[in-house]
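The values are calculated or read from the model by the stated rules, or taken from the named source; none is laboratory data. The structure displayed is predicted, hence computed values, not measured ones. With ideal geometry, Cβ positions are generated from the backbone for all residues, glycine too; neighbour counts draw on all protein chains shown. Ligands, DNA and RNA are stripped out before the accessible areas are found, and what is left, the full protein with its side chains, is counted by its heavy atoms. Shrake-Rupley method; radii C 1.70, N 1.55, O 1.52, S 1.80 Å.
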Amino acid sequence: MAAKKAERATTPPTFRNLMTFRLHRVARISERISEQYYRKHMDLSLPECRVIGITAGYDCVSFKRVAAAANLEKSYASRVVSSLVERGIMEKLANPSDSRSVLLQLTEYGRGIHEQTYALALQLNARLQAPFRREQVEAFVDFLGMLEQQLGRTDALAEGPSDWPSPMTSQAGDSLVTRDSAAVELDREFARHLHELLGAYLAGEK
């Protein structure tokens, strides 16, 4: 035990152990696999599949909402939509409430494409989740949901280091110690949920 502590103390810090680094890595690997998967089976890019899936959730939806939900820059989202329109998967409609924007809607052919891509997405998810127990998957999905909320609350922190919270924290469950009162705090309830999820996961690994 003492040897392990000494080893940790002498090991230089690395980004590879940070949650953000691992999230980015997992996201990139997931995107690469999904891109290859949909290209092979549907000849569609991952962004095209996302736009199709989001649009399918509405009878008619604004371009702005689709671009935001797909997390795509407007210029890139515009090219994706144009490609889908050219292939007869999607159509643009005039927006009666805003002449400066357009509404998007899947064509009948596009709705069939969506059914196929959704079936493929279910298969891909099932394959990725196969090695894990259902409780692990559910706990992970719950964690991702809370993490997404936390990222939304701390989005303003990306403006600059002066706005970021201090890496120093108090005891588990307490709020983050921040340099600036404007920084968003990690509330106790959120920390408690994370602690419970982590404990359940570690218990399941034994």
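The overall shape of region 1-102, judged from the alpha-carbon gyration tensor, is prolate: a/c is not under 1.5, and a/b is greater than b/c. Averaged over residues, the count of other Cβ atoms within 10 Å places the peptides 109-121, 20-32, 138-150, 39-51 in the sequence 39-51, 109-121, 138-150, 20-32, highest first.
In this simple spin-label model, placing a label point 7 Å from the Cα along the Cα-to-Cβ direction at both Arg127 and Leu151 gives a separation of 2.4 nm. Please label the shape of region 26-160 as rounded, prolate or oblate, based on the square roots a ≥ b ≥ c of the eigenvalues of the alpha-carbon gyration tensor (a/c under 1.5 means rounded; beyond that, a/b larger than b/c means prolate, else oblate). Verdict is oblate for region 26-160. Keeping the other protein chains in place, figure out the carbon and sulfur percent of the accessible area of region 1-121, with a 1.4 Å probe. With neighbouring chains kept in place, the figure for region 1-121 is 53 percent. Once R0 is set to 45 Å, what does the formula 1/(1 + (r/R0)^6) return for the Cβ-Cβ distance between Thr107 and Met19, expressed as a FRET efficiency to the nearest 0.05? After rounding, the FRET efficiency stands at 0.60. The overall shape of region 21-74, judged from the alpha-carbon gyration tensor, is oblate: a/c is not under 1.5, and a/b is no greater than b/c.
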